[in-house]
1. If Ile376 meets every condition in (1) under 26 Å from Thr29 (Cα atoms); (2) in a loop (DSSP other than H, G, I, E, B); (3) touching a residue at least 24 places away in the same chain (Cβ under 8 Å) apart from one, which number is that one?
2. Suppose we filter the stretch 331-371 for residues that are of a type in the set (Val, Ile, Thr) and in a helix (DSSP H, G or I); how many remain?
3. I'm trying to understand the selection: among the residues of the stretch 337-391, which are acidic (Asp, Glu) and either within 23 Å of the chain's Cα centre (by Cα) or buried (at least 19 other Cβ atoms within 10 Å of the Cβ) (or both)?
4. Of all residues being in contact with a Lys or Arg (Cβ under 7 Å, 6 or more places away or on another chain), surrounded by fewer than 19 Cβ atoms within 10 Å (Cβ to Cβ) and more than 16 Å from Trp72 (Cβ to Cβ) in the stretch 421-477, which is modelled with the highest pLDDT? Just the residue, please.
5. Quickly run through the stretch 91-128 and pick out the residues that are small (Gly, Ala, Ser) and surrounded by fewer than 14 Cβ atoms within 10 Å (Cβ to Cβ).
6. It is to be established whether one or more residues within the stretch 28-47 are under 22 Å from Tyr393 (Cβ atoms), basic (Lys, Arg) and touching a Phe, Trp or Tyr at 6+ places or on another chain (Cβ under 7 Å).
7. Those residues that are of a type in the set (Val, Ile, Thr), surrounded by fewer than 19 Cβ atoms within 10 Å (Cβ to Cβ) and more than 30 Å from Asp253 (Cα to Cα), I need them from the stretch 272-319; list them, please.
Amino acid sequence: MSTNAKIAVIGAGPAGMTAAYCLARAGYTNLDVYEAADAVGGLSRSIDLWNQRIDIGPHRFFSSDKPVNELWLEVAAGDYQMVNRLTRIYYKKKFFYYPLKAFNALFNLGVFQAILCVLSYFWQKVAPAPDNGTFENWVTRRFGSRLYKIFFKTYTEKLWGISCQTLDSDFAAQRIKKLSLYEAVKNALIGGKQNKHKTLVDQFAYPNQGTGMIYERMADYVRAKGGAVHLKTPVKGVEKQGATISGIRLQDDTVKPYDHVISTMPMTLMVQSLPSVPPEILEYTRKLQFRNTIIVYLNIDAVDLFPDQWLYVHSADMDTGRITNFRNWIPEVYGEEKTSILAMEYWCYDPDAMWQASDAELIEQASSEIRKTGLIKDARILAGHVYRIPRSYPVYATGYRDNLKPVEEYLQTIQNLHVIGRYGAFKYNNQDHSILMGILAAENIAENKNHNLWDINTDYETYQESYVITSTGLSKK
């Protein structure tokens with residue numbers, strides 16, 4: 001295809017910026033990226049707060065896919081460090097290592113409770129519950145009912161705001177597909193690279209200027225090659241003529257013509273913006289939901305609070321689900337400052353009282369909950385800051401695929417429309433999945449490839465040799 005083609009990229013998160021970067025590298029100059037926010041990075045954005053550099057929640061980059069890692073290393077250009085991961089589960093005022101450490105788990109649970117957990121696990125091996133397609137059922141069949149209730153139920157229901165009995169098993173299958181009690185115990189007792197589940201990696205690569213550095217550099221490259229990155233420029237919708245993309249419509253109803261559109265805007269909003277969409281497809285999109293995130297940052301007058309990068313909060317007496325301590329990432333993010341920034345994450349829907357609460361109310365709640373954990377002891381809370389993210393998680397409610405599949409099939413009939421990213425494809429992506437989608441979308445345009453972008457999901461695995469990023473670059477796994 002001629003590099004003179006006009007291309008619009010909606011959204012400057014990992015998927016959108018990767019696609020734009022790859023197209024700019026391939027010689028495309030008639031390239032425009034449109035971003036509603038005032039900076040690039042999307043959910044992987046980094047921000048400056050209280051003279052420190054922090055992310056929108058905890059973000060670790062890890063992939064076994066060679067092209068994804070090569071691209072990340074190309075952009076990072078050596079400006080990164082390997083971080084030794086420490087994450088734990090906070091449950092009933094005790095801390096459980098994640099990945100599991102056998103003696104820590106045994107001590108915290110107590111011998112009697114641990115025995116019951118093992119018996120519950122073996123009962124599922126002997127007489128498994130019938131598969132009914134729910135998250136609760138999937139996890140119970142793999143771990144037993146007791147471990148499900150202790151380590152999965154409360155956190156998962158905080159995240160999604162629905163019962164685990166109405167959450168689709170796809171969420172479990174995609175995020176913890178190969179993890180089982182047997183594998184977790186094997187990791188705890190044996191360790192070693194060969195038996196590491198992807199969610200249990202001990203190290204991850206982290207940019208020296210925060211996760212958002214990668215996407216800021218991609219944006220700079222696009223600009224340097226003649227493209228444009230329009231910040232604070234939300235897109236209202238996508239235009240088409242018949243079954244072919246014709247351009248985009250901005251919020252002021254200005255229509256911009258394009259030969260290709262790469263969309264990472266929420267799928268539901270994008271489809272609803274298209275002209276002449278069949279009524280049944282519109283109805284399917286109305287049944288697809290997104291979950292919102294609220295992050296309350298607290299500036300704590302202390303530098304040695306707890307060693308974890310982040311904690312999963314499984315205690316039912318608190319609304320927060322995850323606590324990040326940015327002091328424990330790399331020194332470059334906090335510099336000379338003598339305070340610790342903690343991020344308290346909450347999840348809600350638009351009608352929920354929490355989404356309607358004032359910043360002051362949210363800071364008060366987060367301050368109360370962090371005190372309740374005992375993590376900051378008597379350290380002063382110097383300030384709070386609230387960051388709201390609408391539509392941050394696609395909700396895998398039971399049967400969601402019945403609504404999503406017809407929408408996917410409809411979008412595949414529209415020529416020159418490339419739908420990618422967590423929002424755009426309604427997939428619970430990590431950075432590496434979104435980067436891969438961006439790479440493949442760019443190849444479909446620049447090299448006339450025919451990658452099926454819908455096949456890239458959070459359970460994607462490379463069928464080639466696996467490579468990982470180390471402190472010296474790319475290494476065969």
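1. The single condition Ile376 does not satisfy is (1).
2. The total comes to 3.
3. Correct list: Glu345, Asp350, Asp352, Glu369.
4. Only one residue fits best here, namely Glu443.
5. Within the stretch 91-128, Gly110, Ala127 qualify.
6. no
7. Across the stretch 272-319, the qualifying residue is only Val303.
Each row is one residue, and each column tells you yes or no for (1) outside the structural domain of Leu411 (by TED's automatic domain parsing); (2) surrounded by fewer than 17 Cβ atoms within 10 Å (Cβ to Cβ); (3) modelled with pLDDT of 95 or more; (4) not hydroxyl-bearing (Ser, Thr, Tyr).
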{"site": "Lys232", "(1), (2), (3), (4)": "no, yes, yes, yes"}
{"site": "Val235", "(1), (2), (3), (4)": "no, no, yes, yes"}
{"site": "Thr244", "(1), (2), (3), (4)": "no, yes, yes, no"}
{"site": "Leu250", "(1), (2), (3), (4)": "no, yes, yes, yes"}
{"site": "Tyr258", "(1), (2), (3), (4)": "no, no, yes, no"}
{"site": "Pro266", "(1), (2), (3), (4)": "no, no, yes, yes"}
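The values are calculated or read from the model by the stated rules, or taken from the named source; none is laboratory data. Quantities reported herein were computed from a predicted structural model and do not represent experimental measurements. As a convention, Cβ positions derive from the backbone with ideal geometry for all residues, glycine included, and neighbour counts pool all protein chains shown.
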